[in-house]
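Single-structure report; data block below.
The values are calculated or read from the model by the stated rules, or taken from the named source; none is laboratory data. Since the structure is predicted, the reported quantities are computational estimates derived from the model, not experimental observations. A quick note on method: Cβ atoms are made from the backbone with ideal geometry, for glycine too, and the neighbour counts reach across all protein chains shown.
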Amino acid sequence: MSTDHEHAHAHPATETGPDAANPEIPHTPEQLMQAATARIAELEVELAEMKDRWMRSEAENANIRARARRDADDARQYAVQKFATDVVEAAENLKRGLDSLPPHSDSQPAIVGKVREGLEGVERSFIGILERNGIKKEDPVGHPFDPNRHQAMQEQETDSQKPGTVLQAWSACWTLNGRLLKPAMVVVAKAPPAEITGNAA
C-alpha cells in the first residue's frame, strides 16, 4: 500500500506560469524598463515614417493644386488676351477711320466736323472702357526705342532727335494688366552720315 509520500515522488509537480511558458518575457523591473524603452523607440520610428509619408503626400497634393490653379489661370488669361487683342484691333480701326477724315477747316462742310467730333467722343469713351478693364494704350513717339514694346518698321535719318528715339508710330503699344498685348509699329531716328571734310591725299 503506497503512502502519500511515495505518491508525491512518483508524480513530481510541474512549473506553471508565464515564465515557464515564455522565458523571454521580462520579469524584473530593469527588464521591464528596457523592454518599454525599446518599444517606445520602435513606435517613434514608425511615427516618424508615417509623418514623413504624410508630409510627402501633402506636398504632392499642394503641387497638384498649384498646377491646377496655374492651368486654370493660363486658360483664363489666354481667353482674356485673345478677346483683348480683338478689342484692340477694333480700337485701331476706329482710329484709322478718324485719321482718314479730312483735317478740320472752316471751308469743309459742317457735317464732316460733326462726324469727326462724334467719332472722337466714341474713341475717348472706348479707350476709357478699355483702361478700366486693364487694357492701356501707350504712345511711343518721343520715347527711346524699346525692343520689348516696340517693333521698328523703318529708320529715318535726322539730327533733330537722338538716335534710337521713336519719331513716328504707325500704331500704338497696347498692354493688358501691364503685360505686352501688341507692340507699337514705329519709325526710329538714325544719325545722318558724318560729313567728310578735308581733301583726299
Selected residue (only one of Ala68, Ala91, Ala62 is closer than 30 Å to Asn177 by Cα, touching a residue at least 24 places away in the same chain (Cβ under 8 Å) and of a type outside the set (Asp, Glu)): Ala91
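What are the residues in segment 175-194 that are of a type outside the set (Lys, Arg), assigned to a strand (DSSP E or B), free of Cβ contacts under 8 Å to residues at least 40 places away in the same chain and surrounded by fewer than 20 Cβ atoms within 10 Å (Cβ to Cβ), if any?
We begin by selecting, within segment 175-194, every residue of a type outside the set (Lys, Arg); these are 175-178, 180-181, 183-189, 191-194.
Narrowing the set further to residues that are assigned to a strand (DSSP E or B) leaves 175-176, 180-181, 184-189.
Then drop every residue that is not free of Cβ contacts under 8 Å to residues at least 40 places away in the same chain, which leaves 180, 185, 187, 189.
Listed by number, the residues that qualify are Leu180, Met185, Val187.
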Quick check: is even one residue across segment 137-145 farther than 22 Å from Glu89 by Cβ, modelled with pLDDT of 95 or more and surrounded by 16 or more Cβ atoms within 10 Å (Cβ to Cβ)? yes
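Yes or no, residue by residue, for (1) outside any loop (DSSP other than H, G, I, E, B); (2) outside the structural domain of Pro183 (by TED's automatic domain parsing):
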position: Ile64; (1), (2): yes, yes
position: Gly97; (1), (2): yes, yes
position: Asp106; (1), (2): no, yes
position: Arg116; (1), (2): yes, yes
position: Gly121; (1), (2): yes, yes
position: Arg124; (1), (2): yes, yes
position: Pro147; (1), (2): no, no
position: Gln156; (1), (2): yes, no
Qualifying residues in segment 104-126 (those that are of a type in the set (S, T, N, Q) and either touching an Asp or Glu at 6+ places or on another chain (Cβ under 6 Å) or modelled with pLDDT under 90 (or both)) - the one farthest from Ala91 (Cα to Cα): Ser107
Can we say Gln31 is modelled with pLDDT under 90 and part of a helix (DSSP H, G or I)? yes
